[in-house]
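The values are calculated or read from the model by the stated rules, or taken from the named source; none is laboratory data. These numbers come from a predicted model, not from an experiment. Ideal geometry is used to build each Cβ from the backbone, glycine not excepted, and the neighbour counts take in all protein chains shown. Calculation scope for accessible area: heavy atoms of the full protein, side chains included, ligands and nucleic acids excluded. Shrake-Rupley method; radii C 1.70, N 1.55, O 1.52, S 1.80 Å.
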Amino acid sequence: MAPLKNQFAHSGENHLSGDWIVDALLGHLDRHKLAQPLHRQLYAWLREAIRSGRLAGGTAVPPSRRLAETLQLGRNTVLAAYEQLLAEGYLVTRQGAGTFVADLFTKTVPSDAAQPASRVGLSSRGQALASRANLPQGLTGAFAPGVPEIQRFPHTVWQTLLHRHRRTALEAWHAYTAEGGLPALREALCEYLFLSRGVRTTPERVLIVQGAQQGLDLAARLLADAGDAVWMEDPGYAGAHAAFAGAGLNLVPVAVDEQGLNPAAAPAGPTPRLIYLTPSHQYPTGVVMPLARRLALLDYARTHGCWIIEDDYDSEFRYASAPLSSLQGLAEDGPVIYVGTFSKVMFPALRLGYMVLPEGLVSAFRSCNMRFYRESDYAVQAALAAFITQGHLARHVRRMRELYPIRQGLLREVLQRRLGDALVLSSGEAGLHLLAHLPQGVDERALSAAGAAQRLWLRPLGRHRLGEASGAGLVLGYAGVEERAL
């Protein structure tokens, strides 16, 4: 349907009168448009005219019989359109007078004095959040970071488990659940995390969430007040920036060196309420925080009453040595909230993550998670518990640990062959991406835009910075890209 424009205005007015409706419709009804019946076309045209204000409130619409005769339509066609518009409130009837356009969509032009009060839009916080939520659509292919190999995931096994647990789902699983996650999954996670990451916990202290991002949002809202300081790795994970900014926190950038977040580089200011870390594989630089700094940060948090949020997003994938133990495992009773996800070890659409909480936080986190977000599908959680306990997850992780270094090596080889030493690459000892440091003077954003034109995801390092930029770079994902594509 063509848009309504000023050619349908009468005598210079910006509104259609009832008399002009017939003339306008004669030019807009398409009698050969088989995909949309005539009564739907008539309904859609009138509804848009009313919504846009072109048909002013109070305008009388032509009687159905006259409109049908003029347009050479069956009267039932016109009646069907009118009845739908009446049912939805776009038209009203006045006994003995006829059918009229409702006043709901009449446009008025506010005066200059009234204009500020009439503006409707995002709040200041909403605008700040929207500015941090500019993720690209269809984040797949070369070189999208954080995307695992999906085609080689054991989908048949997963679907078999999923269908089995949906068929046998308990009736209680279809109601509101408030256990903090299916007990079987929380138990399976305790063993898995202890063996793979050195996390020390009990099933009661595990909270199942709908992805690590939700866990970060929940932690920010429950552990800090608006205006509280949170130390952020710089550069760091943009999703954490968004979560903490959404809670109204003061994001304090702390420089990352060859050992991760460097507390000595923290700017002077209030003691942080939260310290956000990716110590086992810093995002995006890839550096690993050594034991001495981990212990120093734990001691700082205890002394100053801070919470450490440990985001362990992809540490299962370590290639040069066995995966490093978590920071949480160094102090089971310490002020550490451990956050993990299945998006990297399985697939992102699963939308399941977990938190390991100190005992004193469990009740509040569990109840607030249920209230704010609701708990995820227990049948899916049951399938995941079986996927873990039957060894499928461990086998898949082992296969990916063999595959990802091959793809990383191929990417290094191609870049070296094409560009020589122009790019300085991160060590690549773990994870799903490399950080490529660009030569001085190269505009990373222009390069990213040029890549996008070729359907390449070249994420600028600057998107992960909070403070002043010191060197340009690109975050290049390789795990989810087939060898031929690389």
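Checking the structure you have, find out if any residue of region 149-156 is of a type in the set (Phe, Trp, Tyr) and farther than 22 Å from residue 307 by Cα. Yes, that holds for at least one residue. For region 403-416, the set of residues classified as open to solvent by 60 Å² or more (accessible area, probe 1.4 Å), farther than 21 Å from residue 288 by Cα and free of Cβ contacts under 8 Å to residues at least 24 places away in the same chain consists of 413, 416, listed by residue number. Only residues that are of a type in the set (A, V, I, L, M) and surrounded by 18 or more Cβ atoms within 10 Å (Cβ to Cβ) were counted in region 163-178, giving 0. One residue alone among 80, 87 is open to solvent by less than 80 Å² (accessible area, probe 1.4 Å), in a helix (DSSP H, G or I) and among the aliphatic types (A, V, I, L, M), and that residue is 80.
Inside region 453-464, residues that are aliphatic (A, V, I, L, M), surrounded by fewer than 19 Cβ atoms within 10 Å (Cβ to Cβ) and touching a residue at least 60 places away in the same chain (Cβ under 8 Å) make up a count of 1. Which numbered condition in (1) open to solvent by less than 10 Å² (accessible area, probe 1.4 Å); (2) among the polar types (S, T, N, Q); (3) more than 25 Å from residue 463 (Cβ to Cβ) is the only one that residue 325 fails? So residue 325 meets the others, but not (1).
Looking only at region 272-297, count every residue that is open to solvent by 60 Å² or more (accessible area, probe 1.4 Å) and either in contact with a Gly (Cβ under 7 Å, 6 or more places away or on another chain) or under 20 Å from residue 216 (Cα atoms) (or both) and tell me the total. Here the count works out to 1.
The numbered conditions (1) assigned to a helix (DSSP H, G or I); (2) open to solvent by 70 Å² or more (accessible area, probe 1.4 Å); (3) modelled with pLDDT of 65 or more are all true for residue 42 except (2). Residues that are in a loop (DSSP other than H, G, I, E, B) and either open to solvent by less than 60 Å² (accessible area, probe 1.4 Å) or not assigned by the TED database to the domain that holds residue 350 (or both) within region 179-208 comprise 180, 181, 182, 198, 199, 201, 202, listed in sequence order. Within region 219-247, being touching a residue at least 24 places away in the same chain (Cβ under 8 Å), assigned to a loop (DSSP other than H, G, I, E, B) and open to solvent by 30 Å² or more (accessible area, probe 1.4 Å) holds for 225, 228, 237.
If you go through region 417-443 and pick out every residue that is open to solvent by less than 50 Å² (accessible area, probe 1.4 Å) and within 22 Å of residue 485 (Cα to Cα), you end up with 13.
Just give me the residues in region 467-476 being part of a loop (DSSP other than H, G, I, E, B) and modelled with pLDDT of 90 or more, in sequence order. Across region 467-476, the qualifying residue is only 472. Cβ separations smaller than 6 Å between residues 6+ apart or across chains give no pair from region 417-430 residues that are in the same structural domain as residue 319 (by the TED database) and of a type outside the set (S, T, N, Q) to residues that are assigned to a loop (DSSP other than H, G, I, E, B) and open to solvent by less than 50 Å² (accessible area, probe 1.4 Å).
Every condition in (1) assigned to a helix (DSSP H, G or I); (2) open to solvent by less than 70 Å² (accessible area, probe 1.4 Å); (3) of a type outside the set (Val, Ile, Thr) is met by residue 53 except one, and the failing one is (1).
Scanning region 152-169 for residues that are touching a residue at least 24 places away in the same chain (Cβ under 8 Å) and out of contact with any Phe, Trp or Tyr (no Cβ under 8 Å at 6 or more places or on another chain) returns 152, 154, 162, 164, 165, 166. Of all the listed residues (313, 300), the sole one being touching a residue at least 60 places away in the same chain (Cβ under 8 Å) and either at negative phi or open to solvent by 40 Å² or more (accessible area, probe 1.4 Å) (or both) is 313. For residue 31, the criteria (1) open to solvent by 70 Å² or more (accessible area, probe 1.4 Å); (2) modelled with pLDDT under 70; (3) farther than 20 Å from residue 103 by Cβ; (4) assigned to a loop (DSSP other than H, G, I, E, B) hold in every case but one, which is (2). Which one of 386, 446 is exposed (fewer than 14 other Cβ atoms within 10 Å of the Cβ), part of a helix (DSSP H, G or I), at pLDDT 90 or above and more than 24 Å from the chain's Cα centre (by Cα)? From the options 386, 446, the qualifying one is 446. Does residue 401 satisfy the criteria of being among the charged types (D, E, K, R), part of a helix (DSSP H, G or I) and under 30 Å from the mean Cα position of the chain (by Cα)? Yes, satisfied.
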